Amino acid sequence: MAGTPRKVTVVGDPVLAKVSQPVTSFDDALSALIDDMFATMEIASGVGLAAPQVGVDLALFVYDCPDASGTRHVGHVVNPELVSTSAALDEGEEGCLSVPGPYHELARPSVATVRGVDKTGAPLEVTGTGFFARCLVHESEHLKGILYIDHLPRNRRRRVLRDMTPFDWNAG
């Protein structure tokens, strides 16, 4: 496996609550960060991971996620912008590696499109359906300092926070 797993930041860390800085250097350090993020996501059994979740204040996320038809999508988006979402909502459960443990139902668009660039600066556009659309919206919001629990009513948000369980692999 390329890359080195990093510690995942958890809710309460200030980097998760701020708008991420745009990536301006498309170099070996960026490629290494992307490799580390994939390694982290793999060890955490995640489907998406934003740079702030590994303590890095940059607008970037990686994904390895199935869409509505079960097709697996693997990639990364640098400086992403959520450019369109469908009106149709998917009432699925959502979790987050930065809110370890609990999941909660949250309506999300059933189709989402993100536009950005790859690690070389080449433009790209990614459209996802179903669970992959949820992932694209979720990771894009991370880069705006928004966690999925921020959409929940206060009492449900408190319950999710109370039920958090640190992952063994993330200790220390």
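Between rounded, prolate and oblate, where does the stretch 81-172 land on the alpha carbon gyration tensor, with a ≥ b ≥ c its root eigenvalues, rounded for a/c under 1.5, else prolate if a/b exceeds b/c? Verdict is oblate for the stretch 81-172.
Above 24 Å lies some portion of the pair distances; for the chain, what is it as a whole percent of all C-alpha pairs? So the portion of pairs separated by more than 24 Å is 30 percent. Over the chain, DSSP H runs of length four or greater, each weighted -39,500 (n - 2.57), average out per residue to a 222 nm ellipticity of -7000 deg cm²/dmol. Take the alpha-carbon centre of the stretch 36-98, take the same for the stretch 129-148, and report the distance between them in whole Å. Centre-to-centre distance over Cα atoms comes out at 6 Å.
Share of the stretch 92-162's accessible area from carbon and sulfur, percent, 1.4 Å? Numbers along the way, then the final one.
Values: 1560 of 3150 Å².
Carbon and sulfur atoms account for 49 percent of the accessible area of the stretch 92-162.
Which aspartates and glutamates does LYS119 reach when only Cα atoms under 19 Å apart count, and residues fewer than 8 places away in its own chain are ignored? The qualifying aspartates and glutamates are ASP27, ASP28, ASP35, ASP36, ASP57, ASP64, GLU81, GLU139. Please list the helices of the chain that count as membrane-span-like by this rule: a mean Kyte-Doolittle hydropathy of at least 0.5 together with Cα atoms stretching 18 Å or more along the helix axis, each helix being a complete DSSP H run. Flagged H segments are 28-44.
For LYS18, the lysines whose Cα falls under 16 Å of its own Cα, not counting residues fewer than eight places away in the same chain, are LYS144.
Of the peptides 138-149, 87-98, the ranking by mean beta-carbon count within 10 Å, highest at the top, reads 138-149, 87-98. Which FRET efficiency value, to the nearest 0.05, is calculated for ASN155 and ALA87 with the Förster distance at 22 angstrom and r the Cβ-Cβ distance? Efficiency, from the Cβ-Cβ distance: 0.20. Measuring with a 1.4 Å probe in the full set of protein chains, what accessible area per residue, in whole Å², belongs to the stretch 1-139? With the other protein chains kept in place, the stretch 1-139 gives 44 Å² per residue.
The values are calculated or read from the model by the stated rules, or taken from the named source; none is laboratory data. What you see is a predicted model, and the numbers here were worked out from it, not measured in a lab. Cβ atoms come from the backbone with ideal geometry, glycine included; neighbour counts cover every protein chain shown. Surface accessibility is based on the protein's heavy atoms, side chains included, excluding ligands, DNA and RNA. Shrake-Rupley method; radii C 1.70, N 1.55, O 1.52, S 1.80 Å.
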